[in-house]
Structures are given as C-alpha cells and as structure tokens.
Amino acid sequence: MNDRNALNKMLDFIENTTWETMSPEVRAQARKCFYDLAGVITTGAKNNSAKRAAAYAKENFAAGGVTILSTGEKVNLIGAALANGMSANALDMDDGYSLLRGHPGCGFFGALVSAAEYADATYGEVLAALVVAYEIGIREGYAIRDFYGWDHSTGSYSTVATAAAVGKLLHLDRAQMESAFSTADFILPVVPAKRSTYYPSMNKDGVYWGNHVGVQAVMLAKAGITGRNPVILDEKYIPYIETLGEKYYMFDLYIKFLSCCRWAHSPIYATLSVMQENGISADDIAKIDIYSFGNAGTLYREAPKNEDEAMYNIIYPIAAAVIFGICGPLESSTTRMLDPRVAPMIEKIEFHHEPEYDKVFPAQRLSRSEVTTKDGRRFVSKAFEPRGDHNADVTIDDLTEKLRWMNTIYADEASVDAFLSAARDTKAEEPFETVYGHMKKVAKMNIHPEIKFI
C-alpha cells in the first residue's frame with residue numbers, strides 16, 4: 001500500500017521545483033547538465049542509429065509539429081521523443097550515475113526538449129523540469145533495482161523520469177501527474193543491463209524507449225487513463241522521497257569525454273599516460289596488458305563492424321586511442337574502425353581481471369595499463385579512474401572544449417559557437433526556442449558528408 005504523504009511530497013516536489021525556488025547551486029548544476037546533454041545530442045543526431053530512428057518516427061508518427069533533431073522534420077510529440085531519445089545516447093558521451101550503472105540524463109533528454117518545444121516553454125521551465133527528471137529518475141532506479149532484484153538499465157527507470165519532466169512541462173494537474181508516473185512505473189520497459197554489453201546493438205541501454213514510453217504515459221494520463229501504486233512509494237523506499245528537495249543526486253553524476261562505454265575509459269587514460277610520459281608511439285608497441293575490474297571484461301572484445309560494437313567494447317576503444325590519439329565521435333561511429341591498423345592493434349591488447357579493483361566497483365572504475373615495446377621495454381601505469389568521475393571538478397570551460405570539439409566535426413564554427421553561447425547565457429525567463437533554434441540548426445548540419453557512418 002502506497003503512502004499518501006509520500007505521494008504528496010513527490011507531487012509537491014514536481015510542482016514546486018521552479019527556477020525561482022531552486023538554490024544558486026542547483027541552478028548552476030542544472031545549466032551545466034543541460035549544456036553537456038545539449039552538445040552531445042546535437043552531435044549524436046548525425047549517427048546511423050539516430051537517422052534510422054528519425055526515419056521510423058517520420059513514417060509512423062507523421063502528424064505533429066515537434067522537431068526531429070536528426071533531420072529537422074516534424075512529427076508528433078511521442079515520435080519526436082523516440083527519435084531524439086536515440087540521438088541523446090547515440091555517441092555514449094552523455095552523463096552517467098555510477099551506482100546505477102546507467103545514463104540518467106539521456107534517458108529523458110530527448111523527450112524533455114521535444115516537450116519543451118511542444119509546450120512553448122521558457123528556458124527556466126526546461127531547467128526546472130530537468131532537475132525533476134534527474135531526482136525522480138535516480139530514486140526510481142534505486143527502487144526498482146531492489147524491488148525486482150536485478151539490474152535494470154537506463155531505459156527502465158528513465159521512463160518515470162521522463163513522465164515527471166514531460167508532465168510538468170505540459171502542466172498536468174496533480175491527479176494526472178500521479179497517473180502519469182504511476183503508469184510509467186507500471187509499463188516501464190525491462191532493459192537488462194548486462195545484455196547491452198554481451199551483445200551490442202542499437203538497443204543499447206533502451207534509452208530511446210524510456211523517452212518514448214514516458215511520454216506515452218503522460219499522454220495516457222491526459223486522456224484519462226489512470227494509474228496507481230508506483231514502486232517508489234512502497235514503504236521501503238519512502239526514505240528516498242523524504243530527501244526530495246534536500247539531497248540532489250544530480251551532483252553525483254559523472255561527465256564523459258570519450259565515445260565509448262564508461263568501463264573502457266580508465267584503461268584508455270592509463271594507456272595514453274604511459275605512451276605520453278615515455279614517448280611511445282603506436283608503431284613502438286608489441287603488447288598492452290590491461291588490468292581492470294571484472295565487469296569491464298563483459299564488454300565486447302572483437303574488432304567492431306558497426307558503431308554499437310565499437311562503443312560497447314573493452315579492446316577497440318583502447319586500440320582507437322592508441323592509433324588516433326582519442327576515441328571520439330569519428331572513432332566510434334565511422335569507417336575509422338575499419339582502418340587497417342586497428343585489427344592488428346586489437347590483437348596486441350589483452351584484458352586481465354584485477355579482483356582488487358572489484359572491491360571499489362561501481363563507485364570507482366579503476367584500471368592500470370602495462371605497455372611492452374618492440375625493443376623489450378615494459379612500462380606500467382598507476383591505477384587510473386575515468387576523467388569526470390567527480391563532476392564538480394568539470395568546469396563550464398571544460399565542457400565548452402568538449403562540445404566545441406565534438407560539434408565542429410560536422411558543423412561550422414560560427415554556428416557551433418552561437419549554439420554554445422545561447423545554451424550558456426540565455427536567461428531563464430526567455431523562450432526555450434532561443435536555445436533550441438540553435439540546437440536544431442547544428443543537429444541537422446553536416447558540412448562533411450564524405451564521412452561515412454557504419
């Protein structure tokens with residue numbers, strides 16, 4: 001039996017979280033998180049998965065005035081949320097939350113920007129809805145993992161995050177909002193986290209479907225379809241609700257600077273550090289031994305044939321970084337993965353399970369690298385964590401460098417700079433379209449059509 005006091009506390013939090021009521025610290029974090037997600041989705045919109053989702057949405061959700069970022073075409077809100085949800089996670093460079101092993105931001109972001117356009121929201125309303133989505137979604141993630149007893153991935157708990165944010169932007173009344181997140185909790189997709197790593201595919205963490213289903217729950221509530229008794233309101237999980245408005249889990253997010261699964265980041269940083277500190281080139285390397293936590297070893301290990309096998313891979317991202325100096329949008333999604341130097345380098349990299357690193361997982365993802373050169377020298381790194389694990393250390397300038405690098409691969413510098421400036425500096429009371437107009441322009445722009453996606 002759900003607790004009505006807890007229900008009212010959650011409804012109050014959703015309703016009363018506004019730009020005006022948020023503390024300066026929460027406002028700053030909201031802007032920071034939006035900025036990162038916005039820059040990631042505009043680059044991700046170029047990928048194969050994003051283009052295919054756009055084609056699907058255009059064919060099956062044709063009526064409406066909401067923009068598909070990947071193509072600029074218009075569909076209805078439900079279709080746009082699906083297509084834009086795919087773009088949000090297409091590069092695997094969106095934020096994450098270690099203790100849930102998932103991606104809370106992209107889990108609702110495609111639906112958030114779609115609903116904001118649909119509702120003609122202000123920028124401040126969007127940022128407030130973003131805070132609601134993070135806080136409700138992460139709490140839901142903790143609850144359903146315990147309730148069902150296994151690892152649900154992002155597309156599961158993000159369904160409720162999406163419903164809360166979109167319901168807020170569409171101004172649902174309290175009864176409708178209860179039905180929206182209760183229905184979202186009831187029909188959320190079962191996204192098995194480990195299958196994403198064992199068998200990489202465009203389904204990834206089910207992110208696009210969480211965006212899609214969460215919006216459907218809102219539209220069902222608007223149509224009078226009722227729901228009750230979400231898991232998060234069970235007595236066992238009330239402590240999560242009691243901290244709403246006091247504890248903000250969004251401060252514990254990590255920021256990603258590489259286009260691959262987070263589990264591959266620390267081996268990349270460890271290997272590059274050895275190479276840089278000792279003047280080692282790719283041609284000098286005879287062997288690389290990676291020592292990491294056990295879950296990293298569940299990632300795909302073969303030479304990739306498509307972008308999903310490249311991103312959810314423990315060996316290829318290291319090889320790409322060794323050869324190209326980075327594992328970014330081009331390395332994870334284009335023909336760079338078929339470079340003739342890649343397969344031989346993959347053969348030189350061996351993964352080893354380090355049980356000591358399991359003791360701090362998932363809060364920390366540690367790895368070390370041992371590089372042996374062709375002349376017999378052996379170099380050992382320290383234990384590395386991924387960059388951005390403590391996002392308070394990631395500045396707006398850091399994000400600007402990341403987002404500018406990503407977006408100028410496909411869009412001209414003037415358009416990218418105008419977009420980033422709007423996302424950073426637009427006032428809360430101004431229309432969201434002030435920012436979104438720039439996002440839409442950059443997302444569909446590709447000044448390098450010769451780049452081939454896989």
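The values are calculated or read from the model by the stated rules, or taken from the named source; none is laboratory data. In this text the structure is predicted, and so the values were computed from the model without any measurement. A quick note on method: Cβ atoms are made from the backbone with ideal geometry, for glycine too, and the neighbour counts reach across all protein chains shown.
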* Which is in contact with a Ser or Thr (Cβ under 7 Å, 6 or more places away or on another chain), buried (at least 24 other Cβ atoms within 10 Å of the Cβ) and either part of a loop (DSSP other than H, G, I, E, B) or charged (D, E, K, R) (or both), of Ser259, Ser266? -> Ser259
* State whether one or more residues within the stretch 434-442 are over 23 Å from Ser259 (Cα atoms) and touching a strand residue (DSSP E or B) at 6+ places or on another chain (Cβ under 6 Å). => no
* Asked: Counting just the residues of the stretch 22-78 that are buried (at least 24 other Cβ atoms within 10 Å of the Cβ) and of a type in the set (D, E, K, R), which one comes out farthest from Ala165 (Cα to Cα)?
  -> Lys46
* Just one of Ser201, Ser179 is of a type in the set (Ser, Thr, Tyr), part of a loop (DSSP other than H, G, I, E, B) and out of contact with any strand residue (DSSP E or B) (no Cβ under 9 Å at 6 or more places or on another chain); which is it? -> Ser201
* Go through (1) modelled with pLDDT of 95 or more; (2) over 30 Å from Pro449 (Cβ atoms); (3) not charged (D, E, K, R) and name the single condition Ile346 misses. => (2)
* **Residues (under 22 Å from the mean Cα position of the chain (by Cα) and either part of a helix (DSSP H, G or I) or not assigned by TED's automatic domain parsing to the domain that holds Arg368 (or both)) located in the stretch 309-319** => Glu309, Ala310, Met311, Tyr316, Pro317, Ile318
* Complete set of residues in the stretch 269-308 that are under 26 Å from Pro355 (Cα atoms) and assigned to a helix (DSSP H, G or I) -> Tyr269, Ala270, Thr271, Leu272, Ser273, Val274, Met275, Gly294, Asn295, Ala296, Gly297, Thr298
* Asked: Picking from Asp146, Asp151, which residue would you name as being of a type in the set (D, E, K, R), at pLDDT below 95, in the same structural domain as Thr42 (by TED's automatic domain parsing) and out of contact with any strand residue (DSSP E or B) (no Cβ under 8 Å at 6 or more places or on another chain)?
  -> Asp146
* Scan the stretch 350-365 and report the pairs whose first residue is more than 27 Å from Ala303 (Cα to Cα) and whose second residue is small (Gly, Ala, Ser), with Cβ atoms within less than 7 Å and a gap of 6+ or a chain change. => Ala363/Ser98
* Asked: Looking at the stretch 183-195, which of the residues that are surrounded by fewer than 24 Cβ atoms within 10 Å (Cβ to Cβ) and in contact with a Ser or Thr (Cβ under 8 Å, 6 or more places away or on another chain) is farthest from Gly102 (Cα to Cα)?
  -> Ile187
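Can we say Ile409 is of a type in the set (A, V, I, L, M), in a loop (DSSP other than H, G, I, E, B), modelled with pLDDT under 95 and outside the structural domain of Thr271 (by TED's automatic domain parsing)?
Working: of a type in the set (A, V, I, L, M): yes; in a loop (DSSP other than H, G, I, E, B): yes; modelled with pLDDT under 95: no; outside the structural domain of Thr271 (by TED's automatic domain parsing): yes.
Here the answer is no, as Ile409 does not meet what is asked.
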* Residues in the stretch 118-130: is at least one closer than 24 Å to Asp234 by Cβ and modelled with pLDDT of 95 or more? -> no
* Looking at (1) at pLDDT below 95; (2) of a type in the set (Phe, Trp, Tyr); (3) crowded, with 19+ Cβ neighbours inside 10 Å, can you tell me which one Tyr199 breaks? -> (3)
* Structure fact -> Residue hits (the stretch 229-251; at pLDDT 95 or above, under 23 Å from the mean Cα position of the chain (by Cα) and either part of a helix (DSSP H, G or I) or charged (D, E, K, R) (or both)) are Tyr240, Lys247, Tyr249, Met250, Phe251
* To do: Kindly check whether there is at least one residue in the stretch 293-302 that is without any contact (Cβ under 8 Å) to a residue 60 or more places away in the chain and closer than 29 Å to Tyr410 by Cβ.
  => yes
* Flag for Glu15 being modelled with pLDDT of 95 or more, touching a helix residue (DSSP H, G or I) at 6+ places or on another chain (Cβ under 9 Å), farther than 30 Å from Arg228 by Cβ and assigned by TED's automatic domain parsing to the domain that holds Thr122 -> no
